[in-house]
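Take a look at the structure below.
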Amino acid sequence: RAKQQGKNQFQLYAPEMNEAALDQLVLTNDLHHALRRHELVLYYQPQVDLQTGQIVGLEALVRWQHPERGLLSPGQFIPLAEETGQIHAISQWVLHTACTHNYAWQQAGLPPVRVAVNLSAQQFQNHDLPRLIQRTLLETGLPPQHLEVEITETIAIANPEKAIAILQQLRQMGVQTALDDFGTGYSSLSILQQFPLHQLKIDRAFIRHLAPGTKEAALVRAIVNLGHGLGLTLVAEGVETVEQQTFLQAIGCNAMQGYLFSQPVSAAAIPDLLQATLARTSSTKAWNLN
Ligand code: C2E
Ligand code: MG
Ligand code: MG
Ligand code: MG
């Protein structure tokens, strides 16, 4: 196709460059305009208290409404944005938008919830991160305790001193901190001991095959006890079945997040979800799935 562009045209790609690489190049270029064209959207997935059935948190998950390709998931563009440095602008947009939405829901009189945002490795290289978050909270009016940041183990261990310093500053500001995808990294235990955290999110890999008597059951039970022993709350990720929910309730896991309760939904769908759990919890003590 480059041939057809004529002699004087700058050749965008070498002939040996494969379709996939070309595709990524085009997508990178599109991503440059995505923010300006308001093509990024935040979806939210509820975290539900396993004792009360109440929504206690909402995780913000970014999507890209691409004009030709449809709704793209973060896996399709976040790695790209990290390579090109576009992740900084995207992350700031995510943070600002999530805080703005949560402030608006609270102003509307909906039950207060935490909103959780995922931090990327590159944001954690930035010493200014706590100040950036502070400024965003002031601009949007959201109280700090209603914001949670999620970091993965991989991010935490890439530069532990810096990560600990940043998390400590966030804690002092009153922002909540969660360790995402717990159990998939390589130094889980030392991280728990050293890092100032409020919450652990048990990775979906452990939840997927969760059933009484399985090795996963033993592991998840141990993680919950360990977390509680360290004063942390526990969220199970990727809960898809009633059996998983029942087991997690029985071992005292605090909250669940997954398709069983809700897929990630658009911001417009959140007020109804918050109202619905409020109505449900005032009429029945335990959340009943049926
Ligand atoms: P994560 O933070 O671990 O988010 C959970 C992912 O699991 C989400 O995928 C969610 O849709 C999916 N999930 C939730 N419940 C279930 C379930 O019951 N079953 C299954 N099969 N999947 C479930 P999503 O939205 O595609 O996000 C993937 C990853 O992209 C996230 O993993 C997070 O690491 C990253 N990400 C998302 N939004 C952002 C963002 O704004 N900034 C950054 N830096 N990363 C983000
Ligand atoms: Mg997350
Ligand atoms: Mg996760
Ligand atoms: Mg994950």
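Counting residues that are in contact (Cβ under 8 Å) with a residue 60 or more places away in the chain, which strands (runs of 3 or more DSSP E) fully inside the range 30-73 reach at least 1? Break it down into steps so the answer makes sense when it comes.
Numbers: elements: 40-49, 55-66, 70-72.
Per the criteria, 40-49, 55-66.
Here is a yes/no grid of residues against (1) within 16 Å of the chain's Cα centre (by Cα); (2) within 12 Å of ligand 2 (Cβ to nearest atom); (3) among the aliphatic types (A, V, I, L, M); (4) farther than 17 Å from Ile207 by Cβ:
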| position | (1), (2), (3), (4) |
| --- | --- |
| Thr154 | yes, no, no, yes |
| Asn159 | no, no, no, yes |
| Lys162 | no, no, no, yes |
| Ala165 | no, no, yes, yes |
| Met173 | no, no, yes, yes |
| Asp180 | yes, yes, no, no |
| Ser187 | no, no, no, yes |
| Ile191 | no, no, yes, yes |
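Taking the criterion of being in a helix (DSSP H, G or I) and more than 16 Å from ligand 1 (Cβ to nearest atom), would at least one residue in the range 231-243 satisfy it?
no
Considering only helices (runs of 4 or more DSSP H) fully contained in the range 111-225, which possess at least 2 residues that are more than 14 Å from ligand 1 (Cβ to nearest atom), touching a residue at least 12 places away in the same chain (Cβ under 8 Å) and not hydrophobic (A, V, I, L, M, F, W, C)? If you could, list the steps in order and put the result at the bottom.
Working: elements: 129-140, 153-158, 160-173, 188-194, 204-207.
Output list reads 129-140, 160-173, 188-194.
Look at Gln245 and say whether it is within 16 Å of ligand 3 (Cβ to nearest atom), among the polar types (S, T, N, Q) and under 21 Å from the mean Cα position of the chain (by Cα). Give the steps one after another, and end with the answer.
Values: within 16 Å of ligand 3 (Cβ to nearest atom): no; among the polar types (S, T, N, Q): yes; under 21 Å from the mean Cα position of the chain (by Cα): yes.
Spelling it out, it is not the case that Gln245 is within 16 Å of ligand 3 (Cβ to nearest atom), among the polar types (S, T, N, Q) and under 21 Å from the mean Cα position of the chain (by Cα).
Taking the condition of being more than 18 Å from the chain's Cα centre (by Cα) and surrounded by fewer than 17 Cβ atoms within 10 Å (Cβ to Cβ), how many residues in the range 40-65 meet it? Even if it seems obvious, please write down each step before you answer.
Step one: list which residues in the range 40-65 are more than 18 Å from the chain's Cα centre (by Cα), which gives 50-54, 65.
Restricting the remaining residues to those that are surrounded by fewer than 17 Cβ atoms within 10 Å (Cβ to Cβ) gives 51-52, 65.
Here the count works out to 3.
Can you report the number of residues in the range 161-184 which are touching a Ser or Thr at 6+ places or on another chain (Cβ under 6 Å) and not aliphatic (A, V, I, L, M)?
2
No value in this document is a laboratory result; all are computed from the given coordinates. Model, not experiment: these values are computed from the prediction. Neighbour counts run over all protein chains shown; Cβ positions are idealised from the backbone, glycine included.
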